[in-house]
Structure formats: structure tokens, C-alpha cells
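Working notes for the structure below.
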Amino acid sequence: MWTQCWLDYKEDKDRVAGFDKYFEGVYLPSEADVTAAFEEIKRAADIWFGKTVKTSEEESAGIVLKIISADELLGYVENEGKELQKKSSEDFDILRDSYRISRSEDKLVIEATAREGLIFGAFRLLELIRLGKMDEGRCVTEVPSNPIRMLDHWDNMDGSIERGYSGNSFFYEKNEIIIDDRTRDYARLLASMGINAVAINNVNVKDAATELIGDRYIAKVKELSDLFNSYGVKMYVCINFASPIDTPIGSADPLKPEVQEWWNKKAKEVYEKVPTLGGFLVKADSEGRPGPMTYGRTQADGANMLAKALAPFGATVIWRCFVYNCQQDWRDLTVDRAKAGYDYFSQLDGSFADNVILQIKNGPMDFQVREPVSPLFGGLSKTRQMLEVQIAQEYTGHQIDLCYLMPWFKEILSFDTYLPDVKDSTVAGIISGRADKALRGGMVAVTNTGNDENWTGNDLAAANLYGFGRLAWNTELSAEEIVAEWTALTYPMLKDEDKKVICELELGSWRTYENYTSPLGIGWMVTPHDHYGPSVEGYEYDRWGTYHRADWQGIGVERGPEGTGYALQYRSPNKENFSKPETTPEELLLFFHKTPYKHVLKSGKAVIQHIYDTHFEGYEEALAMQKKWQSLEGKVPARVFDNVSERFERQVRNAREWCDIVNSYFFRRCGIPDEKGRKIY
């Protein structure tokens, strides 16, 4: 079996006292199928009160689900003093997910403009009851920040997961699609955190996955898509852009009429059988994958060909910007992988079809524990964009080490791109459409789930899953609010002081992980291929541009005007600030500048002493986290305690390795001793 994560209602009875009177009957709208909402209400009533809730024909029922007009919903928003730019019919993708919840003496009411809003609203109502935040007379109106709030699965059809740390896939086994009770529970989890899109297969599409849009699997794809759709979630399929190569056409050239016709016909076949499908997610022209560039075409040529094929069905092409053939010679100091994405895509700004969204990684490299925000955010002013982050902890501890990523994501979202002539030039403003509705896209995370009993490998890693969903729904939420909510819903049996322990562990974990791994934004230093544990020079002489350039005098990559020029890709004043060491944020200093070990930071420490101190401190912090967790023995469920305890044992070993290897490496490089005389090997 598997856990219910934050949807386990069994420990809630103390919190739901006084609500049983509402759970007598549920009025459902005739114009929308909200079975998923009704079933969740029934589930909660059965566990909380031992009641079997039935539908009612009367709006006087204890719980009412009601369809209202967009104007009525916007009126509620304005009455509650919330700021929301005027929406038009083309922005209905936001409004259809929105809802209003209210409680009176004898009624709980959920109002929305569409069935999706009623479904999301029902899950949120139950959460607010459990959190003790649904007092009589309270009204809550929610309009999501982002139109698309998505999880990407890197699941392979043999059951393996690329960069998966939570077991195998629960979608696939031995090249067959699995649809069972766990699939439905997963859809419930998505709806409960406001996720409205999911891509079900690895972006590196090969072998059997190519046939997901063919006759072999299409019936199961429809069944799975319909299941997700019933919970307000649009399903996407990752497709192989090169598929026509394996037909008599023998080409995937997007400007070749035969290739265009093949995709037009394929889209028609797919949507005749799977009309609920959200669209296609595409990765091409990277890591050896064929794509438009194979034929001398642009990414816009490829994306627009697919967009035209999908347009009659109201479907979307999501095109990943992890596209470059930037294999470097480590001897060449002028070539820079970090520049590749902007150099390529900025020249295509405005050339993509309206139903194409560019999926842009948060940084120019690859989901490091810290890196600058991609200059494509703010660099593109005429193209729809999605922010891509990774909650699968590829470079942040493999869900062995605790690393709660919402503080990091908050920094990314709040980064000001200085895009001119817009209301909100932060990353959050751009992807949400607040900056310009023509740019609206959303947020997507490479997910951290698998078929482990607890879904996420480490029980505490579920905070990243829940946290991403809540943050994508409302980018104004704080990391503290989110983790407090997750803790209260997941561990309602704990006393407040014990919930505080979990929150403190989560909230300090990202900084701790950064402390004992790569310093001041330089990134990498990980074991090649696996990406867990230290290998300071593991990627130093590789072809992927993953360098730290450490020598006996200093460390860092010079990306200012006198180096690779990467800093010049940003708009002013970021461009000027990143171009000089003295104005570069110190947490990114080594990413942007080759810096002497003796350079003095604002703390008064030299760079080398900062490296020594943070690594010793990171290891000590990992030990302290382990000790703090031990205080919860007998308070959290035994299975959870044992799971997390074992992970902390491994994290402490990992932190020790990072500390000793990194410090020893740099001491041997520069010969400068630790001012505090600690043991360095």
C-alpha cells in the first residue's frame, strides 16, 4: 500500500468538531460534473463523522457547490480588496480554476465559474477545516497566480525514472501503462495542491514511449487522461520530435510538407480518441536528440509546426529551452554553456505561435543548489514563458539529504528582470501574465514522486511536492506559510512545539545543504553522472561547461565583460551589477567572477576562509538536524521516524564527505591554512 500524504483524514477528529452538521447532504450543479469533489467530501465525512453523505436536490443543503458567472467571481475578488487586473474571455484559463468558499451558520458554499474551480475549491475547503481556518462567517476567494501549474514526470515505460529517487514509476511497468487506485490517489494529491497539468513520461522520448500517441497505447492514454481531467488536471504527453524519421518520409524537417502533414494527421488521430489531452511537451536538439536544428531550421520552425497541428483542438505545445549544442573544450575560456540558451532563443522572440509556451529552466545551467536566474526571463518580451524548477533532488541531495526548496524558489520568483514598460517585471510577474498577458505561461516542476510507500523517498521531501503546488497556485505565499500548512495537514497528531521542530528542520535545510556543498554559486563539484556526493574535479575537464577554474590563486568563472560576457545578457541594472565583483551578490560571486582566495567578503572573511567555515558549519548543522529529529521519536508515526532517521544518517555521512573533501582540495590548492586551526586533510 501507499500513504495518503497530507490527505490522510484519520487524525483530524479534534479539528473538525462542530462541522458534522454540514455533512448531511451536498447540492451539486447540474451543468458541471464534479464527481471528484463530491467523492472527496464523502471520503472526509466517512472518516471524520462515520457518515455517508448523499447528494441533495436543494440549495438549502449543508454543502453547496454552485456555478457562477465570471463577473460575480470578480466582484467577490474586488470586495475582498484583492488586486486582480481586468480579465477578458481569453484569460478564462485563470478564472475557471478560481473559487470562492464561504461558511454561514447552516451552510458551506463553494462557488466557481467552472467545474475545475469547484473541484479545487472542495479540496481547499477540507484543508481549511483541518487547519482550523474556516470560522463561521469567513469567506475565501482564490484566483491562482499562474494559468498552468504543472508537474513533469521523467518516467520511462520500463518502469524506471530518470533522476528518480522514490522507487520506480507508478505509471508504467514493463512497457505497459498502469491505472489503478494509486493513480486516482495521485490525481487527488494534485487537485489538493492546485496542480492543473501533468506530463506523464520522460522528455527523452525513446523506444515504447514513442508509441504513446499510436494505436498500441492510445486507449490507455485516453483512460489516464480522462481520469486526470475528472480532477481538473490536463494531461500532456512528451513526444518524439523525430518520429517521422521512422516512417517512409525518413525525415523530421519541420518545413517539409510531408512532415507537416504527418503531424497534422497524427494530431487529428490523437484528439479524436483523447479529446481531454492538454497537448505535447517537447525536448529536441539537446543531449543528442534530433530536432529542427538537425535540418538547419529554428526551434520556432519546429514548435510552430506542432502548434499548427494542435491548434484546431485548443491544445498547447510546451517547448523546453534546454536546447544547445554547446559542447566545450575546457581549454577555451571564451565559450560558455551558460550563454547558450539566451544566445539562441532571444533572437526568436516573437516568432512563436500563440499556443506555444517556452519552458525555461530557472537558471542557465542545470538545477544547481544556487545559480543566477536565466536571462531569458526579461530577455523575452513577446513570447509565452513557463518557469521550470526541479523538486526531484538531482543536485540537492537525492531525497536522502533534507533540502526544502521553497525558499530558493521564492528568491527566483522575486528576481526583478527589469523588463521595461510592464506592471510587474519579476519572474513571477512575467510567467503569471501580470507583466503582460501575452507572456502568460506558468510554473512546472520536475517531480519527486515514485512508487515508494511514501511517494517521495524521504517523508520530509513531500514538503517540496506540496510546496511547489501551493507556490505555483499563489506565488505570494511564503516558504514559512507553506511548510507550516504542510506539517499541520501531514502530522495533525503533533503538538504545536513538535510541528515547529519539523518546520525548523525544513526551513533551514536548503542553506545547510548549500553550506556543505558548492560555495558562492559556483555549482557542480558533484559525482559525475550520479550527481550525489562530492567530486570537486569530477566535471572540471568535461565537455559540458561545468567548470570552477580553481587554481593556486583563486576560483570562479569570469563571466563579466572581460570574460565570457554572460553578465551582459541581463537588462540594466542587473547587467552592470553582475559585471563587477563588488556589485555582484556575494552568493553568486564565483559564478560570475574569477576571484582570488584572499578577496575579502562583506563579512570580513577571505573567500578561502568562507569556504572553510561554511563547510565545517554545514556539517555541524547536519548533525544538529539529525539530533533535532531524534526528539520526535514516539511522536511522529514509527514508520516516518525510521525512514527519516535513516536518511539523516546518510546525510550526515554525505555532509562529512563534502566538508572534508572540499576543504582539503582548496587547502592543497592554495596552501592557506584555516584561521581556526581545524583539521583539514
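What follows draws every value from the coordinates through simple rules; no lab data is involved. Everything numeric in this text was worked out from a predicted model, so none of it was measured. Neighbour counts are summed over all protein chains in view; Cβ atoms, including those assigned to glycine, are modelled from backbone coordinates with ideal geometry.
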**OP:** Report the extension gain between residue 664 and residue 163 in nm, rounded to one decimal, defined as 0.36 nm multiplied by the number of residues separating them, less their alpha carbon distance.
**Re:** 177.4 nm
Original post:
How do the peptides 578-585, 214-221 rank, highest first, by the average count of neighbouring beta carbon atoms within 10 Å per residue?
Top reply: 578-585, 214-221
Subject >> Gain on full stretching of the segment that runs from residue 624 to residue 583 - 0.36 nm per residue minus C-alpha separation >> reply: 11.4 nm
Original post:
By average Cβ neighbour count within 10 Å, what is the ranking of 643-653, 9-19 from highest down?
Top reply: 643-653, 9-19
Subject >> Mean residue ellipticity (222 nm) of the chain, computed from DSSP H runs ≥ 4 via -39,500 (n - 2.57), nearest 500 >> reply: -11000 deg cm²/dmol
**OP:** Please give the direction-averaged projected area of the C-alpha convex hull for the range 5-142, in square nanometres with one decimal.
**Re:** 8.4
**OP:** Under a cut-off of 17 Å between alpha-carbon atoms, report the lysines in cross-link reach of residue 628, not counting same-chain residues fewer than 8 places apart.
**Re:** 495, 499, 500
Original post:
For the chain, what is the charge dipole size about the Cα centre, in debye to the nearest 20, if Lys and Arg each add +1 at the Cβ and Asp and Glu each add -1 at the Cβ?
Top reply: 840
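Compare the peptides 246-255, 97-106 by average per-residue count of other Cβ atoms within 10 angstrom and give them in order, highest first.
97-106, 246-255
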Original post:
How much FRET efficiency would the formula 1/(1 + (r/R0)^6) give for residue 51 and residue 272, where r is the Cβ-Cβ distance and R0 is 56 Å, rounded to 0.05?
Top reply: 0.85
**OP:** Give a residue-ordered list of calculated ³J(HN,Hα) values for the range 371-385 (Karplus: 6.51 cos²θ - 1.76 cosθ + 1.60, θ = phi - 60°; whole Hz; x for Gly, Pro).
**Re:** 7, x, 5, 4, x, 5, 6, x, x, 9, 10, 9, 9, 5, 9
**OP:** Quick one: grab the alpha carbon gyration tensor of the chain, order the square roots of its eigenvalues as a ≥ b ≥ c, and give me rounded if a/c is under 1.5, else prolate or oblate depending on whether a/b is larger than b/c.
**Re:** oblate
Subject >> Low-density loop cleavage sites - trypsin sites (Lys or Arg not before Pro) in the range 371-426, where at most 14 other Cβ are within 10 Å (DSSP) >> reply: 382, 423
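Normalising by the residue count of the chain, find the relative contact order in percent from Cα pairs under 8 Å and 6+ residues apart.
Relative contact order of the chain: 11 percent.
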Subject >> Proportion of all alpha-carbon pairs of the range 126-203 beyond 21 Å (%) >> reply: 44
Original post:
Percent antiparallel among DSSP beta bridges with both residues in the chain, to the nearest 5?
Top reply: 25
Subject >> Residues whose placed amide H lies under 5 Å from that of residue 404, excluding near-sequence neighbours >> reply: 509, 510
